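Visitor: Before we start, here is the structure in question, set down as structure tokens.
The values are calculated or read from the model by the stated rules, or taken from the named source; none is laboratory data. On a predicted model such as this, the values are computed, not experimentally measured, just so you know. Cβ placement follows ideal geometry from the backbone for every residue including glycine, while neighbour counts extend to all protein chains displayed.
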Amino acid sequence: MRHFGFIALLAPFALLAFGCEEDPSSSPGGFQLPEGGSGFEIPDSSTPTPDSSTPDAPAPSGVTVTVVRQGAPQTDVRVIFHDATGAVTGDFKTDATGVVTQPVAPSMVTVLAPYFGDELSPLTYLAVAEGDTLTVELGRAAGTESPPIGEYSVTFGQGFDTAQDYRVQAGPNCNSFGPADGTFVVTVYPECVGAQGVVLASASGRDEMPLAFSFAKNLAKPMGGATITVPALPAFVAAGSLTVSAANMPLGEHAWPSTVAIVDGRAFELGFGANDLAESPATFRVPVGFADAHQVDVGTYSNDSSRAIIKREPATVGNITLDFATLLPTLGDTNIVADDLKRPKVTWSPSASLNGTDGGIVSLRWYGSSGFQWRFVVPPGTTEVTAPALPGDLSIPPSTEADVALDDLAFVEATFLADYKGFKSLPMPTNANLSLLSTDAPLPVNGTVRTVRTVIRPD
């Protein structure tokens, strides 16, 4: 009924509009109905309008800490809360789901991560905020290795003219080399294979640069030590090209980029550029129609810092530029004050503010019989860290070993992280590199990561 009421209401105005001379300044057709379609209706006055005074949803509060090892929840891991001075304010253990949840966030959180036997490797988050969700990845226990899950047996229908060497990859660090007429047996580890099995074969010339590629996707994953025979790969196809250029490279700087092809979240090596970006762009030979994305990286080094730019682009992009003007500041001199070996302090003096980063990682190591290590996750702009106190029943850090040293110091800025909250939410490993700090680890999405890392030199 409201549709008819609307038409009746408009009738006198419609007659007036169509009966008058057209105004040249009006829009075409003179009077126009709203583009509401057949469902357009006048609001019913009996329908209450939204109350603009309705309060917003409450801001998230509390903190959740999750501890996993290779995806499995870890029970009874101690999680320590601290105030802003580092004093202990809470001592909890993860439940059967590997989680500690508390309604009020502390200033700092330390996870006493089991490392080897009775040894612990603490990881402390600074500047914890309400609503934070923190995940600690224990990784494999020290002294253990992940066994292979099986093998791929790969053959070619035929080789490629002028090729001298062949390589078959099933993922990162899963390779086999040999002649074209041989059988390539690739040992497969869990980290090599994603949701699908993939093999990439490359045919190289005398200069060891790829000339052509062949590949197979959607392969069954070898499990239980089984060997899967891959149907003979299709004919090799001549390589395409990817050009990497440098912008704003400082005078006297030199850099040789490297690149990987990314498929199903796994990296396949394509090699290093044959030339210095300071002299000319680098051209990489890439498999046509294979990758979801290509990722390139380049690093520079100074007396105190190594800096890198890592950029991932869709595989359809044929030219990638790395802008050296966006390199993060160097970290400068570092210093450790260890008057109290239980709570040492480390400082650094960056060449410019690190406020534009998403966060950083600091690692201290006590050298001696234990090799005790303690990691810290720190907010942007941080220039010093003092270790918080730990519960009195713990004999860590060791107080009798005087050699405490900086083991790692790094900051990260990623285009796909909004701020420190996003950085803190990343799975943080206790005894391995954060993946964003590894130039050969595939980025999770297209974008750019900039890193700076202190150069650790032996005394």
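Visitor: Answer yes if at least one residue in the range 156-166 is within 22 Å of Val317 (Cβ to Cβ), out of contact with any Phe, Trp or Tyr (no Cβ under 8 Å at 6 or more places or on another chain) and not charged (D, E, K, R), and no otherwise.
Guide: Taking every residue of the range 156-166 in turn, none turns out to be within 22 Å of Val317 (Cβ to Cβ), out of contact with any Phe, Trp or Tyr (no Cβ under 8 Å at 6 or more places or on another chain) and not charged (D, E, K, R).
Visitor: Any idea which residue in the range 311-342 is surrounded by the fewest Cβ atoms within 10 Å (Cβ to Cβ), counting only those that are among the small types (Gly, Ala, Ser) and either touching a helix residue (DSSP H, G or I) at 6+ places or on another chain (Cβ under 9 Å) or more than 30 Å from Pro397 (Cα to Cα) (or both)?
Guide: Result: Ala325.
Visitor: Does Thr326 satisfy being closer than 12 Å to Ala246 by Cβ, at pLDDT 95 or above and of a type in the set (S, T, N, Q)?
Guide: Working: closer than 12 Å to Ala246 by Cβ: yes; at pLDDT 95 or above: yes; of a type in the set (S, T, N, Q): yes.
The answer is yes for Thr326.
Visitor: I need the strands (runs of 3 or more DSSP E) fully contained in the range 164-243, keeping only those with at least 2 residues that are of a type outside the set (Val, Ile, Thr).
Guide: Here the list reads 165-171, 174-178, 197-204, 210-219.
Visitor: Hey, among Thr382, Thr386, which residue is touching a residue at least 24 places away in the same chain (Cβ under 8 Å) and in contact with a Lys or Arg (Cβ under 6 Å, 6 or more places away or on another chain)?
Guide: Every option except Thr386 fails the conditions.
Visitor: Another question, if that's okay. Do the conditions hold for Ser258, that is, is it assigned by TED's automatic domain parsing to the domain that holds Pro179 and either within 31 Å of the chain's Cα centre (by Cα) or in contact (Cβ under 8 Å) with a residue 40 or more places away in the chain (or both)?
Guide: Criteria not met by Ser258.
Visitor: If you go through the range 404-421 one residue at a time, how many are crowded, with 17+ Cβ neighbours inside 10 Å and of a type in the set (Val, Ile, Thr)?
Guide: 2
Visitor: Related question: Within the range 93-104, can you find the residues that are surrounded by fewer than 18 Cβ atoms within 10 Å (Cβ to Cβ) and either under 12 Å from Leu126 (Cα atoms) or of a type in the set (Ser, Thr, Tyr) (or both)?
Guide: Thr97, Thr101
Visitor: Tally time: how many residues in the range 338-394 are among the charged types (D, E, K, R) and under 23 Å from Ser305 (Cβ atoms)?
Guide: 5
Visitor: Inside the range 256-278, can you point out the residues that are of a type in the set (Phe, Trp, Tyr) and surrounded by 20 or more Cβ atoms within 10 Å (Cβ to Cβ)?
Guide: Phe268
Visitor: Okay, next question. Given the residues Val188, Val230, which is the only one that is outside the structural domain of Ala278 (by TED's automatic domain parsing), in contact with a Cys (Cβ under 7 Å, 6 or more places away or on another chain) and in contact (Cβ under 8 Å) with a residue 12 or more places away in the chain?
Guide: Val188
Visitor: Gly392: surrounded by fewer than 19 Cβ atoms within 10 Å (Cβ to Cβ), at pLDDT below 95 and at positive phi, yes or no?
Guide: no
Visitor: If you don't mind, another one. Could you please give the count of residues in the range 82-138 that are assigned to a loop (DSSP other than H, G, I, E, B) and either among the hydroxyl-bearing types (Ser, Thr, Tyr) or modelled with pLDDT of 95 or more (or both)?
Guide: Quick first cut of the range 82-138, residues assigned to a loop (DSSP other than H, G, I, E, B) only: 83-87, 94-98, 103-107, 115-119, 126-131, 138.
Then keep just the ones that are either among the hydroxyl-bearing types (Ser, Thr, Tyr) or modelled with pLDDT of 95 or more (or both); that gives 83-87, 94-98, 103-107, 115, 126-131.
The total comes to 22.
Table: residues versus (1) buried (at least 18 other Cβ atoms within 10 Å of the Cβ); (2) of a type in the set (Ser, Thr, Tyr); (3) within 30 Å of Thr347 (Cα to Cα).
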| position | (1), (2), (3) |
| --- | --- |
| Pro231 | no, no, no |
| Ser241 | no, yes, no |
| Asn248 | no, no, no |
| His254 | no, no, yes |
| Tyr301 | no, yes, yes |
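Visitor: Let me ask another. Looking at Leu409, Leu436, which one is among the aliphatic types (A, V, I, L, M) and at pLDDT below 95?
Guide: That would be Leu436, the only listed residue that is among the aliphatic types (A, V, I, L, M) and at pLDDT below 95.
Visitor: Right, here's the next one. Which of (1) surrounded by 15 or more Cβ atoms within 10 Å (Cβ to Cβ); (2) under 24 Å from Ala261 (Cα atoms) is the odd one out, the single condition Gly360 does not satisfy?
Guide: With (1) surrounded by 15 or more Cβ atoms within 10 Å (Cβ to Cβ); (2) under 24 Å from Ala261 (Cα atoms) applied to Gly360, the lone miss is (2).
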